[in-house]
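For reference, the structure discussed in these notes is given below.
The values are calculated or read from the model by the stated rules, or taken from the named source; none is laboratory data. Because the structure is predicted, anything quoted here is derived from the model rather than measured. Quick reminder, even Gly has a Cβ in these numbers, built from the backbone with ideal geometry, and neighbours come from all protein chains shown. Each accessible area value is taken on the protein alone, full model and side chains, heavy atoms only, with ligands, DNA and RNA left out. Shrake-Rupley method; radii C 1.70, N 1.55, O 1.52, S 1.80 Å.
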Amino acid sequence: MKLITVALVCLLLAGMWTQAVDSKSMHVSSSNCCYKFMNKSISLKNIQCYKNTSSTCPYDALILKLKKGRESCVLKTVKWVQDNFSKMKLCLPKRV
């Protein structure tokens, strides 16, 4: 009975450890990737700042931080984004 309990605890701990290793080795959370994109242009006055998606994401995009705390994803290849990119500010990283 004790052997089964020890074995189950070991399996549980091993499963939790592999999840922790996987999440740290990927260096990106799903919130740093975009899968849906805004098609319409967004007024610059509504954009507070931008951040780049991770290089491991499937699309080369920007995450725009908008007023009222919202975020929106846009592809870097869209004309209005390219035309206005130099006028946008990079979001500062959060301090821990």
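Numbers at a glance
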| item | result |
| --- | --- |
| Segment 75-96 residues that are in contact (Cβ under 8 Å) with a residue 40 or more places away in the chain, paired with ones that are open to solvent by 80 Å² or more (accessible area, probe 1.4 Å) and of a type outside the set (Gly, Ala, Ser) (beta carbon under 6 Å, 6 or more apart) | Cys91/Lys65 |
| Which listed residue, of Val78, Val28, is surrounded by 13 or more Cβ atoms within 10 Å (Cβ to Cβ) and at pLDDT 85 or above | Val78 |
| Residue ID - most open to solvent (accessible area, probe 1.4 Å), chosen from residues in segment 39-72 that are assigned to a loop (DSSP other than H, G, I, E, B) and polar (S, T, N, Q) | Asn39 |
